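*Asks:* Here it is, the structure, as structure tokens.
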Amino acid sequence: MDTKTYHSFADYAEGEFNTKPMTGRTKDKQKLAAQREKFLGVCPYCKKPNKFIVGTNVIVCSNESCKGKKITYTGDDGTETVKYVPFCKTLSDKGMEIGNTLFD
């Protein structure tokens, strides 16, 4: 008699019952849309939804006309320089894994 050894319930289910590996993504379309919306959030400057760039660890503002955070510099001669920094959020490895699961 040939005995197989499994190290997890997922391995057991796949080996004995020929099930597909779990992906972690919900099959309910409305719930998935709500999870994606919550994960992305909104831009703190223009209040438009953000977007996740699949395969990276970056979330950016989806509004192309959004300038981002306004930063004003005053030089030694008194002149003011205004610069804008676009919104960008970097994710941890776990956050990137969640993003790829939700959007891939």
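*Asks:* Need one number: nm distance between label points at T26 and D104, each 7 Å from Cα along Cα→Cβ, rounded to one decimal.
*Replies:* Taking the simple label geometry, T26 and D104 are separated by 2.0 nm.
*Asks:* If you don't mind, another one. Given R₀ = 41 Å, what would the calculated FRET efficiency be for C66 paired with H7, taking r from the Cβ atoms and rounding to 0.05?
*Replies:* 0.30
*Asks:* What is the extension gain from T79 to V58, computed as 0.36 nm multiplied by their sequence separation minus the C-alpha to C-alpha distance, in nm to one decimal?
*Replies:* Stretched fully, the T79-V58 segment lengthens by 4.1 nm.
*Asks:* While we're looking at this one, here's another question. Sort the following peptides by mean Cβ neighbour count (other Cβ atoms within 10 Å, averaged over residues), highest first: 5-15, 51-61.
*Replies:* Top to bottom by mean Cβ count within 10 Å: 51-61, 5-15.
*Asks:* What angle, in degrees between 0 and 90 and rounded to the nearest 10, separates the Cα long axis of helix 93-103 from the longest principal axis of the Cα atoms of the chain?
*Replies:* Taking the Cα atoms of the chain, the angle to 93-103 is about 80 degrees.
*Asks:* Strictly over 28 Å apart at the Cα level, which of K27/K67; K31/K67; K47/K94; K27/K51 would you flag in this model?
*Replies:* Beyond 28 Å: K27/K67; K31/K67.
*Asks:* Of the options I53, H7, G78, report the single residue whose Cα projects farthest towards the positive end of the charge dipole of the chain (beta-carbon charges: Lys, Arg +1; Asp, Glu -1).
*Replies:* G78
*Asks:* To continue, here is another question. Label-point separation (nm) for K48 and Q35, each offset 7 Å from Cα along Cα-to-Cβ?
*Replies:* 2.7 nm
*Asks:* Which residues' amide hydrogens lie under 5 Å from the amide hydrogen of C66, considering only partners 5 or more residues apart or on another chain, with H built in the peptide plane?
*Replies:* The list, which skips near neighbours in sequence, is empty: none.
Here, each number is a calculation from the coordinates, and none is a lab measurement. None of these values were measured; they are calculated from a predicted model. Heads up, the Cβs are rebuilt from the backbone with ideal geometry, glycines too, and the neighbour counts pull from every protein chain shown.
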